[in-house]
Structures are given as C-alpha cells and as structure tokens.
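Report on the following structure.
The values are calculated or read from the model by the stated rules, or taken from the named source; none is laboratory data. Just so it is clear, the structure is predicted and the values come from calculations on it, not from any experiment. In this analysis, Cβ positions are derived from the backbone assuming ideal geometry, glycine residues included, and neighbour counts consider all displayed protein chains.
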Amino acid sequence: MRYMGSKRLLVKHILPIMEKKRGDRSWIEPFVGGANMIDKVTGGVRIGNDINYYLIKLFQAVQKGWVPPSTVSKELYYEIKNNMQNYDPALVGFVGFPCSFGGRWWGGYAAYKEVNYAKSSSRALVKQAPKIRDIEFKCGDYKNLEIPPNSLIYCDPPYNGTCKYKDSINSEEFFDWCRTKSKAGHIVYVSEYEAPNDFECIFEIEITHFMKTTNKDKQIERLYKTI
C-alpha cells in the first residue's frame, strides 16, 4: 500500500538479514505503517501495531474481504477529511493515506495527470490481502504494546528530520525502549538514518527520499541492531 516512508524498495535488502536471526520467534512491528515489510514475512506469529486507528481499521477490513473504492473524487476526499466521524473508519484510512499525496496522512488530494490513485491503491490492497490475512493488527502506542517472549522486533519509526507524520515520537525515549526490549531477550532492529553509538549499523544503502521538508536529496538508509 502507498504509505509515506514505506520500506517497499528496501525489503529485498534488509528482510533476509533479519529473517536469518528470526528462527521461530514472533515477528513484531510496533510501527507497521503500510505493512510493506510484514506482509512478506513468512510463517509464525506476526503482529503489526500502529497508533493510527484508521490505518489499523483499514487493514482489518481488508483482512475480512473489504474492497476499497476505485474512485475517490477531490470533493469526497475533503468531505471525508473534514467529517471523519461520519464515515466508516476503514474508508477514512483508505482515503487519508493512499489517496493522499505521497501516502502521507491527509497530505493533500493525490492527483497527477490521468493517474487514478484510488484505483491503483484499491488494487494493491486487494493483492496484499492474502499476505496479511493472519497478521494480528493492533492499535496503540508502541510503548504499551504487549510483546511475546523472545520476539524479533522490527522498528520503522517516524524518522528525525523528515516531514511530520501524524504521530511523531520522542527519539530518545524510543531508543531507551529499544534497549529495554533487548535486555528483556528480544532481538531489536531499527530502520533510521542515524542511531546512538550503542546501536550497530549492519546495513546501509543510498536512496532518494521525498520526505525532507527542504529538498529531495539522496539519503543513507540504515538498518541498526541493538548491541
């Protein structure tokens, strides 16, 4: 699914690295986003959490066979944005994310020449449905997420220095949380541009991002692991 900051293009690089260490551990994503990583994880327990209520309701509806609309007009986009309480939460999630510019939560009506973003996004979600059918989707703050013992935790939090997400986090608190989970016996991986010195960078690649508020420079995407 189109989602701001998606790791869709990085999956082939970083997923094999993490799966080598997984074994029979539960796969946990506290920031599941567009589910473009977790939907490619095979077997075992998979839990995808996000603080955005509408995003989780969207995935839960798709799991049950809901097919999002193939057309969303500009007028309907802003009608739903301004009156979310009057619409089904799954529809709000669909219009608010993949029908928005860059997959950013209510980032503006996505329109480019004759491209029908609603149609392509609906088709993508229907295709994604079988891959997410047995994922347990949860909604809440990552700090309150109940995690099974000895899990593998993959974190893709809102990056520092990028366009604001709907729900930003305190970076210092987040890394402290990662340390705590590591000490509790979990394997913890983090996607970020930078991390504290006690996090080991195990992979990096240069890619072009369109999330910066000032430019569209290439950035170094890194995968870190708690030491």
Counting only residues in the stretch 135-158 that are assigned to a helix (DSSP H, G or I) and not polar (S, T, N, Q), the one farthest from the chain's Cα centre (by Cα) is identified as LYS143
When the residues of the stretch 22-66 are filtered to those that are buried (at least 22 other Cβ atoms within 10 Å of the Cβ) and small (Gly, Ala, Ser), which remaining residue is nearest to LYS131 (Cα to Cα)? ALA35
Just the residues that are of a type in the set (A, V, I, L, M, F, W, C), in contact with a strand residue (DSSP E or B) (Cβ under 7 Å, 6 or more places away or on another chain) and either farther than 23 Å from SER151 by Cα or not in a loop (DSSP other than H, G, I, E, B) (or both), please, taken from the stretch 35-86. ILE38, ILE47, ILE56, PHE59
Tell me, please, whether a residue that is out of contact with any helix residue (DSSP H, G or I) (no Cβ under 7 Å at 6 or more places or on another chain) and modelled with pLDDT of 95 or more can be found in the stretch 201-213. yes
Residues of the stretch 97-119 being in a helix (DSSP H, G or I), farther than 20 Å from GLU29 by Cβ and either in contact (Cβ under 8 Å) with a residue 12 or more places away in the chain or basic (Lys, Arg) (or both), which ones? GLY102, TYR117, ALA118, LYS119
Need pairs with beta-carbon distance below 7 Å; first residue surrounded by 21 or more Cβ atoms within 10 Å (Cβ to Cβ) and within the stretch 1-16, second modelled with pLDDT under 85; sequence gap 6+ or separate chains. MET4/TYR165; MET4/MET211; GLY5/TYR159; GLY5/MET211
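Rundown of residues vs (1) acidic (Asp, Glu); (2) at pLDDT below 95; (3) over 18 Å from SER121 (Cα atoms), yes/no style:
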position: LYS20; (1), (2), (3): no, no, yes
position: GLU29; (1), (2), (3): yes, no, yes
position: GLY43; (1), (2), (3): no, yes, yes
position: ILE56; (1), (2), (3): no, no, no
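When the stretch 20-34 is examined, which residues are found to be assigned to a loop (DSSP other than H, G, I, E, B) and among the basic types (Lys, Arg)?
Our first condition is that a residue be assigned to a loop (DSSP other than H, G, I, E, B); within the stretch 20-34, this holds for 23-26, 30-34.
If the condition is that a residue be assigned to a loop (DSSP other than H, G, I, E, B) and among the basic types (Lys, Arg), then ARG25 is the only one that fits.
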